[in-house]
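Below: the structure, in structure tokens.
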Amino acid sequence: DNGQLYHDEL
Amino acid sequence: MNIFRLFGDLSHLAAIAILLLKIWKTRSCAGVSGKTQLLFAVCFITRYIDLFLHFVSLYNTEKVMKLIYISASVFTCYLIFFKFKATYDGNHDSMRAEFLIVPAAGLACLINTKFDAIEILWTFSIYLEAVAILPQLFLISKTGEAETITSHYLFAQGSYRALYILNWIYRYHYESHVDTIAIVAGVVQTILYCDFFYLYITKVVKGQKIVLPA
């Protein structure tokens, strides 16, 4: 899991 | 952006457009589950809540798509529950939506990436979307049939998340990007369509109508 929190998909 | 996600989003847009056209042209929402459409509207609002919080200019297509999804789904609910309410098949649209909403909300509080409001709303939206089609499939099993145009709607709606699975495989392989929660929920969501996909491909493609053994 890359840990990024914003989800860049719809 | 990759080809799978692009076609997934286009398939999703197509599904929303097909359903809107069907209801608008036939001036009837017979065979359409209002509960499923309500659940989808809830999914979009909870998932794209950032649009309302810090409204950023519509500088990219993603923001525009989010607004289209929210407004189209709310408008569809308006058509079903207000404008063409007389044609709404409430008796057959009888799956208890609470049985989907409550577990999705509970699970979102238990299994999430980070315990904060926006992230939990996003997780709830993902879990709810996975099961949101159930009232629609339930309605079809109760009425024993699906209009051809409704079958096309379901095929487009089911294909969107199936294409997203290919997108996730692509992104895992080329971008080592993994969003476990979205992937697991997306797989569950797509599995729920398998039975319908089989009927669609063996019947509707040959011009027959889907009639379930009543």
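Quick notes
- The range B:131-190, residues that are farther than 23 Å from B:Ile101 by Cα, without any contact (Cβ under 8 Å) to a residue 60 or more places away in the chain and assigned to a loop (DSSP other than H, G, I, E, B): B:Ser176, B:His177, B:Val178
Every residue, every condition in (1) surrounded by fewer than 18 Cβ atoms within 10 Å (Cβ to Cβ); (2) acidic (Asp, Glu); (3) more than 14 Å from chain A (Cβ to nearest Cβ), yes or no:
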position	(1), (2), (3)
B:Thr150	no, no, yes
B:Arg171	no, no, no
B:Ala182	no, no, no
B:Asp195	yes, yes, yes
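- Among the residues of the range B:69-95, those that are surrounded by fewer than 17 Cβ atoms within 10 Å (Cβ to Cβ), in contact (Cβ under 8 Å) with a residue 24 or more places away in the chain and more than 16 Å from B:Lys25 (Cα to Cα) comprise B:Val74, B:Phe81, B:Gly90, B:Ser94.
- Selection from the range B:6-32 of residues that are within 13 Å of the chain's Cα centre (by Cα) and of a type in the set (Gly, Ala, Ser): B:Gly8, B:Ser11, B:Ala14, B:Ala15, B:Ala17
- In the set (1) surrounded by fewer than 17 Cβ atoms within 10 Å (Cβ to Cβ); (2) over 14 Å from A:Glu9 (Cα atoms); (3) without any contact (Cβ under 8 Å) to a residue 40 or more places away in the chain, B:Leu20 fails one condition alone, (3).
- Qualifying positions in the range B:54-94 - touching a Gly at 6+ places or on another chain (Cβ under 8 Å) and more than 22 Å from B:Leu13 (Cβ to Cβ): B:Phe81, B:Tyr88, B:Asp89, B:Gly90, B:Asp93
- Listing of helices (runs of 4 or more DSSP H) fully contained in the range B:10-120 that carry 2 or more residues being more than 14 Å from chain A (Cβ to nearest Cβ): B:34-47, B:61-78, B:98-110
- Residue, surrounded by the most Cβ atoms within 10 Å (Cβ to Cβ), within the range B:23-60, restricted to residues that are farther than 30 Å from B:Glu175 by Cβ and among the basic types (Lys, Arg): B:Lys35
- B:Leu128 satisfies every condition listed in (1) in contact with a Lys or Arg (Cβ under 8 Å, 6 or more places away or on another chain); (2) buried (at least 18 other Cβ atoms within 10 Å of the Cβ); (3) touching a residue at least 60 places away in the same chain (Cβ under 8 Å); (4) more than 14 Å from chain A (Cβ to nearest Cβ) except (1).
- Subset of the range B:198-214 (residues that are without any contact (Cβ under 8 Å) to a residue 60 or more places away in the chain and surrounded by fewer than 16 Cβ atoms within 10 Å (Cβ to Cβ)): B:Tyr198, B:Ile201, B:Thr202, B:Val205, B:Lys206, B:Gly207, B:Gln208
Computed from the coordinates by the stated procedures, all read-outs in this text should not be read as laboratory data. Because the structure is a prediction, the values reported are computed rather than measured. All Cβ positions, even for glycine, are placed from backbone atoms using ideal geometry, and neighbour counts span all protein chains on display.
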